[in-house]
Amino acid sequence: MSQYRTHTCGQLRKSEVGQTVKLSGWIHSVRDHGGVIFIDLRDHYGLTQVVIDPERDFYQALERWRVETVVSFAGKVVARAEGTINPKLATGEVEVVAEAMEVLGEAEVMPFQIAKDDAAPEATRLKYRFLDLRRERLHKNIVLRSQVIAEMRRYMIAQGFHEFQTPILTASSPEGARDYLVPSRLHPGKFYALPQAPQQFKQLLMVAGFDRYFQVAPCFRDEDARADRSPGEFYQLDVEMSFVDQDELFAIIEGLFEAVFSKFTAKKFTKPPFPRIPYRDAMRRFGSDKPDLRNPLEMVDVSSIFDGCGFQAFAGCVANGGAIRAIKVPQVAGKPRKFFDDMIKFAQENGAKGMAYIVWTGTETKSPIVKFLTPEIVDRLKTTCQAADGDAVFFLADEVKLVQKIGGAVIPELGRQLGLIDPNDFKFCWIVDFPMFETDDETGEITFSHNPFSMPQGGMDVLLNSDPLDILAYQYDIVCNGIELSSGAIRNHRPDIMYKAFEIAGYDASVVDDKFGGMINAFKHGAPPHGGIAPGVDRTVMLLADEPNIREVIAFPFNQQAQDLMMNAPAEVTPKQLRELHLQVVLPRKEQANKTQ
RNA sequence: GGGGGAGUAGCUCAAUUGGUUAGAGUACCACCCUGUCACGGUGGAUGUUGCGGGUUCGAGUCCCGUCUCUCUCGCCA
């Protein structure tokens with residue numbers, strides 16, 4: 001036993017009554033009754049009530065009893081009298097009568113309260129992150145994170161995977177996000193880059209014959225933040241397997257999430273196998289490649305029904321190659337007019353020219369457009385959308401891409417407003433069959449739509465003989481409740497297929513050799529078929545902790561501007577450091593002006 | 001880079017159409033209180049209303065600019 005404690009603050013029970021103990025922790029709260037003082041003493045393990053007689057010397061000696069001061073108490077454990085037991089505390093049947101006290105760490109006044117889960121400004125919380133982490137909510141989240149990672153490791157190792165460390169200082173990769181660069185002192189003018197992901201290294205480990213790789217891998221991307229996307233750095237469970245096909249890999253990952261979610265949530269969750277939705281179906285039905293399957297709403301194509309109809313706006317849209325999609329919304333006929341107007345406004349804010357609707361009340365058909373349509377068309381719409389009396393159907397008409405984008409915004413909004421999304425459910429799915437290529441909106445040229453290193457379905461044959469835009473890749477995402485947990489792919493391990501794929505995207509062999517020489521060279525020396533995935537650790541914990549923002553599950557997160565307000569990063573460095581690195585700082589005009597002010 | 005929201009005491013918020021000395025709860029300080037566990041009671045201290053400018057007899061409130069935080073589109077294979 002250390003000099004500081006015989007027990008933790010979460011440990012004492014009736015069985016310890018009569019013992020002399022020593023506890024150390026933070027003063028969580030003080031209740032001073034004049035003749036008796038109660039202190040809740042808190043540590044990582046819990047709270048214990050300490051009772052102090054104000055006549056004690058040590059009480060007189062301490063000038064003030066400020067919360068969050070770190071103290072230790074020695075004293076006797078006593079059973080609490082009937083009626084003074086606190087059932088809310090695990091230690092609530094006993095209390096410690098203090099006989100001695102020592103102040104171990106004094107505390108200034110707190111910038112926000114620790115004992116309560118009060119709201120506090122994000123900037124203050126981040127500046128005093130060590131205090132925020134003392135509070136129950138964040139403290140629990142970070143412990144959960146540790147346990148989730150431990151369970152992930154346990155599962156992966158049980159499945160025969162080995163964990164590897166890959167370099168943090170590596171080469172800038174030309175694809176993907178912006179790199180964080182690290183200047184080289186020994187090589188003037190040259191830079192390392194922090195890895196966006198250990199992508200090439202894990203593939204090289206497959207070429208090296210390690211068969212099953214994983215790593216709880218830090219990844220660095222210099223891109224802007226979102227509520228579910230940490231700027232700067234994040235962690236993923238990086239996985240790669242050899243001699244594997246898509247189905248086998250899915251089974252491993254489904255098992256991973258089953259292991260983690262069955263351990264860390266009491267909520268419902270999808271049991272393997274998870275549904276698989278082809279990318280094009282997902283876009284057509286949900287307008288999104290990360291649909292929230294808890295939301296029952298989806299789009300139905302009704303273009304053919306409106307083709308040549310009396311409503312010129314829709315007929316014209318179909319004639320021009322556009323699409324008309326219907327969203328059936330159950331049992332909203334009783335909603336006030338404002339509900340429909342607000343939804344139309346919302347659609348317009350998201351790029352729609354307008355949004356039509358039909359409501360079947362049971363006795364009538366309410367709609368701004370029904371007067372332009374024959375009763376037969378209205379009936380066909382009702383049948384096609386499987387609408388019942390009391391239901392409404394919204395219609396979006398525009399170019400296919402735009403309709404899908406607007407639908408992708410409207411569907412979640414309707415789900416939220418109508419309470420269609422069960423907060424006590426996790427719904428997983430795979431999005432599969434991503435297209436290998438797409439046309440660039442600006443240039444019209446063919447480019448890789450996702451990962452240039454994924455294997456085209458059909459291999460060399462399809463590259464040679466198919467329309468590139470029809471080629472699908474063994475490229476997949478795993479999605480839970482509308483959050484993309486990971487992308488992954490069965491990789492292209494064949495140099496000949498790699499060169500051909502890049503050729504279709506407009507790069508000749510020398511470019512491939514130049515940019516990805518290391519990996520291509522490895523593939524020329526006997527590469528096994530392999531594939532992988534990299535589920536986000538932060539996002540997984542965020543789901544399990546039921547937190548709306550990823551910062552709540554990261555011990556020391558950046559703010560949205562990628563700053564660490566506690567450590568003051570990023571910061572300027574000394575001229576000497578810059579000289580050693582052969583760097584000169586040239587500020588943009590705006591910052592220059594700010595600095596000279 | 002674009003768009004939305006927010007900014008009043010350490011914190012959470014209030015302050016009628018522009019009108020007296022900007023209030024309340026909490027935290028903080030002092031005192032009272034022997035069974036509380038969100039203890040209670042009395043009193044006290046605490047404000048560049050983010051910052052700058054403008055309109056006005058008068059601005060927390062209206063206008064312009066700017067900064068900060070946040071959500072989002074772009075971006076993130």
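The values are calculated or read from the model by the stated rules, or taken from the named source; none is laboratory data. Because the structure is a prediction, the values reported are computed rather than measured. Cβ placement follows ideal geometry from the backbone for every residue including glycine, while neighbour counts extend to all protein chains displayed. Surface areas here come from the heavy atoms of the whole protein model, side chains and all, with no ligands, DNA or RNA. Shrake-Rupley method; radii C 1.70, N 1.55, O 1.52, S 1.80 Å.
A few notes on this one:
- Sparse-neighbour loop sites [trypsin sites (Lys or Arg not before Pro); region A:240-329; at most 14 other C-beta within 10 Å; DSSP]: A:LYS267
- Under 26 Å from the Cα of A:LYS76 - lysines, other chains or at least 8 residues apart: A:LYS14, A:LYS22, A:LYS88
- Simple rule: put +1 on each Lys or Arg Cβ and -1 on each Asp or Glu Cβ in region A:50-159, find the dipole, and look at A:ALA107, A:VAL50, A:ILE149; the Cα lying farthest toward the positive end is A:ILE149.
- Solvent exposure of chain A as accessible area per residue, Å², 1.4 Å probe: 50 Å²
- Accessible surface ranking that places the most exposed of A:LEU463, A:LEU402, A:LEU181 first, with a 1.4 angstrom probe: A:LEU181, A:LEU402, A:LEU463
- Rounded to 5, percent antiparallel among DSSP beta bridges of chain A: 90 percent
- The portion of the accessible surface of chain A made up by carbon and sulfur, rounded to a whole percent, is 51 (1.4 Å probe; DNA, RNA and ligands excluded).
- The C-alpha atoms of region A:28-69 occupy a region whose extents along the principal axes are 30, 17, 14 Å, arranged from largest to smallest.
- Between region A:280-303 and region A:553-579, the Cα center-to-center distance that results, in Å: 41 Å
- Too-long pairs where the Cα-Cα distance tops 18 Å, listed order kept, from A:LYS353/A:LYS405; A:LYS366/A:LYS405; A:LYS202/A:LYS427: A:LYS366/A:LYS405; A:LYS202/A:LYS427
- Rounded to the nearest 20, the size of the Cβ-charge dipole of region A:381-437 about its Cα centre is 100 debye, with Lys and Arg at +1 and Asp and Glu at -1.
- Charge-dipole axis of region A:462-597 as Lys and Arg at +1 and Asp and Glu at -1 on Cβ define it, positive-most pick from A:ILE533, A:ALA473, A:PRO557: A:PRO557
- In chain A, taking the dipole from charged Cβ atoms about the Cα centre, the farthest positive-side position among A:ASN350, A:PHE516, A:LEU62 is held by A:LEU62.
- Counting only Cβ charges, +1 for Lys and Arg and -1 for Asp and Glu, the dipole size of region A:407-475 around its Cα centre is about 380 debye.
- Under 17 Å from the Cα of A:LYS371 - aspartates and glutamates, other chains or at least 8 residues apart: A:ASP307, A:ASP379
- Computed from Cα atoms, the angle from the helix A:509-523 axis to the main principal axis of chain A rounds to 60 degrees.
- In region A:147-195, the trypsin sites (Lys or Arg not before Pro) that fall in loop regions by DSSP, at most 15 other Cβ within 10 Å: A:ARG178, A:ARG185, A:LYS190
- Folded to 0 to 90 degrees: helix A:337-349 orientation relative to chain A principal axis, Cα: 80 degrees
- If only the Cβ of Lys and Arg carry +1 and only the Cβ of Asp and Glu carry -1, the dipole of chain A around its Cα centre is close to 1020 debye.
- Note on A:LYS127: lysines with a C-alpha under 29 Å away, same-chain residues under 8 apart excluded, are A:LYS116, A:LYS140, A:LYS576, A:LYS590, A:LYS595.
- Acute angle (nearest 10 degrees) that the helix A:375-384 long axis makes with the longest principal axis of chain A, alpha-carbon atoms: 50 degrees
- Qualifying trypsin sites (Lys or Arg not before Pro) in region A:48-116, DSSP loop, other Cβ atoms within 10 Å at most 12: A:ARG64, A:LYS88, A:LYS116
- With the helix formula -39500 (n - 2.57) applied to DSSP H stretches of n ≥ 4, chain A reaches a computed 222 nm mean residue ellipticity of -9000 deg cm²/dmol.
- Ordering of A:531-543, A:158-170 by burial proxy (mean other Cβ atoms within 10 Å per residue, highest first): A:531-543, A:158-170
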